[in-house]
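Let me begin by presenting the structure, written as C-alpha cells, before commenting on it.
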Amino acid sequence: MNLSKLFSDLLGAGYGWTAKTPDQLLSLRKTSEKFRPLDRFFGLGLSVSTDQLLADGLTSGLIAELGNPAPFAVSSDAAGGYLIHDHWPPRPENAAEYVHLGPESFYVAREIQKHAEAFSEKTVLDLGCGSGILSFFASTSSTRVIGIDSSSRATTFARDTAAARGIQNIEFIHARIGSDAADAVVGSDFDLAAFNPPLGVPSGEDTRPHRDGGKLGIEVPLLFLDFAKRHLKPGGEAWFICGNPIVGGKPLFLAELKFRTEWELLESRCLDPYFNQSVARKHGYAEQSITRIELLLIKTRRR
Ligand SMILES: C[S@@+](CC[C@H](N)C(=O)[O-])C[C@H]1O[C@@H](n2cnc3c(N)ncnc32)[C@H](O)[C@@H]1O
C-alpha cells in the first residue's frame with residue numbers, strides 16, 4: 001500500500017485526524033456534524049463492513065486502497081499529530097518488520113516534550129525509531145533529526161507520516177545498528193541521542209526481533225549506547241529507557257554503564273521496579289537467573 005497516496009486521498013476527501021487522548025487511538029471524521037469514529041478500522045485493525053464505510057462517505061476506490069482490515073493503526077502523539085504503526089493488535093507475522101508504538105514509547109516522548117529546551121537548536125539521533133514517535137516529538141524544537149531502524153516497514157511508515165504532516169527536518173534511514181553500514185550513514189557530531197530500544201528478555205526459540213534486547217535484555221540497548229558514543233560530539237547526551245535486570249542482587253545494566261567510563265551518568269530514574277513482571281515470557285527470567293527487572297529512564301553525557 002502506498003501510504004502517502006492513501007493519506008493524501010483521505011485529506012483530499014475532507015478527512016482529518018483528531019486526537020482523543022495523548023496515547024490513545026484516533027478518530028477519523030469527515031465533518032464535525034457527521035462524526036463517525038473509525039477506530040475499528042484505523043485504530044484496532046478490526047473488520048468493518050463496506051456498507052459502513054460507504055455510509056461514512058468513503059469512496060469505493062478509497063475502501064479498496066485501505067484494505068480490510070487495515071494493515072496499520074493510527075494513534076495520536078501528545079501534540080495531536082498522528083503516528084502510523086502496526087502495534088495494535090500485534091501481528092506475529094510482522095515480527096521482523098514491525099512498526100512499534102507502545103505505552104513505554106511515551107515515557108521517552110514525554111521526557112523530550114517536558115524538556116523541549118534541551119532539544120532546542122540541537123541535532124538529534126533517534127535510534128530504533130519505529131513509528132518515529134521520538135523523532136516527531138524532538139523535531140518540534142530541534143534543528144534536524146535522524147531516525148534509524150532495522151525495519152524498512154518502520155522507516156517507510158515514519159517517512160509517510162512526516163510527509164503527510166508536512167515535517168521537513170526529519171530523515172528516516174533504514175539500517176541495522178551494529179552493522180558497519182549504519183555507522184557509515186550518519187556523522188559523528190550529533191548533540192543528542194534518544195531511544196527506546198528493544199529490551200525484552202529472549203527465551204529459547206521464541207525470538208521477537210522487534211522487542212528482544214539480546215542477552216539479559218540489555219545487549220541491544222548497550223549496542224545502541226555504543227553507537228551513540230561514536231556519533232555524538234563530546235558533551236552530547238543520550239536519553240533512553242532500558243531494563244536493569246537484577247541478578248544475584250546486582251543491577252546489571254547500571255554495572256555495565258559504570259564500565260563504560262566515557263559516559264557520565266546524569267540521571268537514573270526508576271519508572272517501574274517490576275517491569276514486565278506480569279506478562280508472559282517470564283520463563284526467560286528464570287533461564288537467566290533474573291529476579292526482577294527495573295525499567296529505568298537514563299540520561300547520560302558523553303565525556
Ligand atoms: C521498542 S521499539 C521502539 C520504537 C520507537 N522508538 C518507540 O519508542 O515507539 C524498538 C525498535 O528498534 C528497532 N530495532 C531493533 N534492533 C535494531 C537495530 N539493531 N538497529 C536499528 N533498529 C533496531 C525495532 O525494529 C523497533 O522499531
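Bear in mind these aren't lab numbers, they're just calculated from the coordinates by the rules spelled out. Since the model is a prediction, treat every value here as computed from it, not as a measurement. Neighbour counts run over all protein chains shown; Cβ positions are idealised from the backbone, glycine included.
How much length, in nm to one decimal, is gained on full extension between F259 and A163, taken as 0.36 nm per residue of separation minus their Cα-Cα distance?
On the way: separation 96, 0.36 × 96 = 34.56 nm, distance 4.15 nm.
Value of the extension gain: 30.4 nm.
For the pair K5 and A116, how long in nm is the line joining their label points, each one 7 Å along Cα→Cβ?
3.6 nm
For segment 100-302, what is the percent of antiparallel DSSP beta bridges, rounded to the nearest 5?
Values: 22 of 43 bridges.
So the antiparallel bridges amount to about 50 percent of the total.
Using a simple spin-label model with points 7 Å from Cα along the Cα→Cβ vector, what separation in nm is obtained for R230 and E97?
Output for this residue pair reads 2.7 nm.
Going by the alpha-carbon gyration tensor, a ≥ b ≥ c the square roots of its eigenvalues, is segment 115-175 rounded (a/c under 1.5) or, if a/c is not under 1.5, prolate (a/b greater than b/c) versus oblate?
Since a/c reaches 1.5 and a/b is larger than b/c, the shape of segment 115-175 is classed as prolate.
Using label points projected 7 Å from each Cα along Cα→Cβ, tell me how many nm separate T143 and A184, to one decimal.
That separation, rounded to one decimal, is 2.7 nm.
Report, in debye and to the nearest 20, how large the dipole of segment 100-302 comes out about its Cα centre when Lys and Arg carry +1 and Asp and Glu carry -1 on their Cβ.
Values: 24 positive and 25 negative charges, 46 e Å.
It works out to roughly 220 debye.
Classify segment 100-302 as rounded, prolate or oblate, taking a ≥ b ≥ c as the square roots of the eigenvalues of its Cα gyration tensor: rounded when a/c is under 1.5, otherwise prolate if a/b is larger than b/c and oblate if not. Could you put the intermediate results ahead of the total?
Values: a/c = 1.73, a/b = 1.43, b/c = 1.21.
It comes out prolate by the Cα gyration axes.
Take the alpha carbon atoms of segment 99-149, find their center, do the same for segment 168-191, and report the distance between the two centers in whole angstrom.
15 Å
If r is the Cβ-Cβ distance from K250 to L271 and R0 is 25 Å, what FRET efficiency results, to the nearest 0.05?
Working from the Cβ atoms, E equals 0.80.
Assuming a ≥ b ≥ c are the square roots of the Cα gyration tensor eigenvalues, decide whether segment 126-211 counts as rounded (a/c under 1.5), prolate (otherwise, with a/b larger than b/c) or oblate.
Values: a/c = 1.95, a/b = 1.54, b/c = 1.26.
It comes out prolate by the Cα gyration axes.
For I167, I146, what ranking results if the residue with the fewest other Cβ atoms within 10 Å of its Cβ goes first? Show your work: numbers first, answer last.
Working: I167 16, I146 22.
Lowest to highest Cβ neighbour count: I167, I146.
Using the per-residue mean of other Cβ atoms lying within 10 Å as a proxy for protection, in what order, highest first, do the peptides 225-233, 183-191, 258-266 fall?
Working: 225-233: 19.0, 183-191: 14.1, 258-266: 12.1.
In decreasing order of mean packing, 225-233, 183-191, 258-266 become 225-233, 183-191, 258-266.
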